[in-house]
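The values are calculated or read from the model by the stated rules, or taken from the named source; none is laboratory data. If you're wondering where the values come from, they're calculated on a predicted model, not measured in any experiment. Reconstructed Cβ throughout: ideal geometry from the backbone, glycine too, with neighbour counts over all protein chains shown.
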Amino acid sequence: MDFEKLNETNCRISNIQNNDKVLIGGSCFGKLDLEITADIDSFEVFFQKVKKNAINIENNESMKKWLNGVAPDFDVKIFAHMYAFDNVLRKMYPDLSLNVSKRQGYYDTEGSKKLSQSFEDGVCQCAEISILAQAYFQKCGFETKYFGGELLRSLEENFGEAHSFISIKTGKNDYFYDPANPIPYNGMFLPRISSIEATQAQKQQFENKIHTQSVRRNCAFLEAKNILTKTSWYYGCGDGANIFPSFIISKHNIQQPISQERNL
C-alpha cells in the first residue's frame, strides 16, 4: 500500500493490497488513527460480477451513444465499470448503510474489523465504499487513488464534511469519482463523476497547498463539475475548521484569496 498523509485528518492511498490496514478516520477530532483491514480477497465474487456487468454495459451501443451525447470526452470503458460498480454494490449489499448508528465505536486503532464485516453489518459510509472502489479499479488497471478528505457541496458552506472519494486519471484528464453518492435514475444509479475544473498549474498549486509544513493549514479544494448534471462540488483536503475563499482552486477564478487565513 502506498500511503500519503496530507494533514492530521486527511490522506491519499493507492495500491491497496489484501489485508492492508487502511486509515479511515479519527477516534476524536483532529486525529487520523482508526483503521480497517481491507480483506480484498473476500470480495472476489463481487468483483467478478461487476466486471461481467461492465463488459455488457461497455458493449451496449445505446449506452455508448447516450454517453457520447452527454459527456463525449469521458472514457466509455471506465464509465461502464463505474456504472456497474455502483449498481451491483447496492444490489449485492442492500443493507449497505442500514446500521450506521452502530458505527460509533465500531473501529479501533488496531484494524480489528475487516472491510467485509462492515458490509455485512451494514455500517458502511463513504470510507468503506471508496476503499472497495479503489481496490476494484486498481485491479482493473485504472490509475486511481483513494482520497480521505473533505467535501464542499456549495461555496455557501463554511465548513467541509469529512468525505472519502476516488481520484482518477484518464488520458490527459483528471476526475473525481464519488461512489458513495451515485445519482438515482429510474430505479438505477448513475455514477457521480466530475471533471476537475483547474489548469495544470492550478492542479500543482493544489498539490503544493496540501503538502505544506505542519505549522500551516494544509487545506485546498478543487472545483469538480459533474459530467452529467453540470453542477459543481468541491473535493479536497481540509482540517475540520472553517473554509476560506483562497482554499478554493478553480480555473473559473470563483474566489480571490483573503489574508485572514494566515497560519490559522
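Every residue in segment 37-64 that is touching a residue at least 12 places away in the same chain (Cβ under 8 Å) and β-branched (Val, Ile, Thr), please. Matches in segment 37-64: THR37, ILE40, VAL50, ILE55, ILE57. Could we say that THR9 is crowded, with 16+ Cβ neighbours inside 10 Å, assigned to a strand (DSSP E or B) and not acidic (Asp, Glu) here? It is false that THR9 is crowded, with 16+ Cβ neighbours inside 10 Å, assigned to a strand (DSSP E or B) and not acidic (Asp, Glu). Selection of segment 98-137 for residues being more than 17 Å from the chain's Cα centre (by Cα) and among the polar types (S, T, N, Q) yields ASN99, SER101, GLN104, THR109, SER112, SER116, GLN117, SER118. Applying the condition of being more than 15 Å from VAL22 (Cβ to Cβ) and of a type in the set (D, E, K, R) to segment 126-153 and asking which residue is surrounded by the most Cβ atoms within 10 Å (Cβ to Cβ) yields GLU150.
Summed over segment 15-47, the residues that are at pLDDT 95 or above, surrounded by fewer than 18 Cβ atoms within 10 Å (Cβ to Cβ) and under 22 Å from the mean Cα position of the chain (by Cα) give a count of 9.
Listed by position, the strands (runs of 3 or more DSSP E) contained in segment 94-189 that have at least 2 residues being within 23 Å of GLU8 (Cα to Cα) and not basic (Lys, Arg) are 143-152, 161-170.
Once segment 12-57 is narrowed to residues that are among the acidic types (Asp, Glu) and part of a strand (DSSP E or B), the residue that is nearest to ALA127 (Cα to Cα) is GLU35.
THR170 satisfies every condition listed in (1) over 15 Å from PHE3 (Cα atoms); (2) crowded, with 24+ Cβ neighbours inside 10 Å; (3) among the hydroxyl-bearing types (Ser, Thr, Tyr) except (2).
Residues that are more than 18 Å from HIS252 (Cβ to Cβ) and of a type in the set (D, E, K, R) within segment 174-204 comprise ASP178, ARG192, listed in sequence order. For first residues located in segment 21-36 and in contact (Cβ under 8 Å) with a residue 40 or more places away in the chain and under 18 Å from GLY160 (Cβ atoms), partners that are in a loop (DSSP other than H, G, I, E, B) and among the basic types (Lys, Arg) and lie 6+ apart or on another chain with Cβ distances below 9 Å form the pairs GLY25/LYS31.
Here is a yes/no grid of residues against (1) surrounded by fewer than 14 Cβ atoms within 10 Å (Cβ to Cβ); (2) hydrophobic (A, V, I, L, M, F, W, C); (3) touching a Ser or Thr at 6+ places or on another chain (Cβ under 9 Å):
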{"position": "TYR93", "(1), (2), (3)": "no, no, no"}
{"position": "SER101", "(1), (2), (3)": "yes, no, no"}
{"position": "GLY105", "(1), (2), (3)": "yes, no, no"}
{"position": "LYS113", "(1), (2), (3)": "no, no, yes"}
{"position": "VAL123", "(1), (2), (3)": "no, yes, yes"}
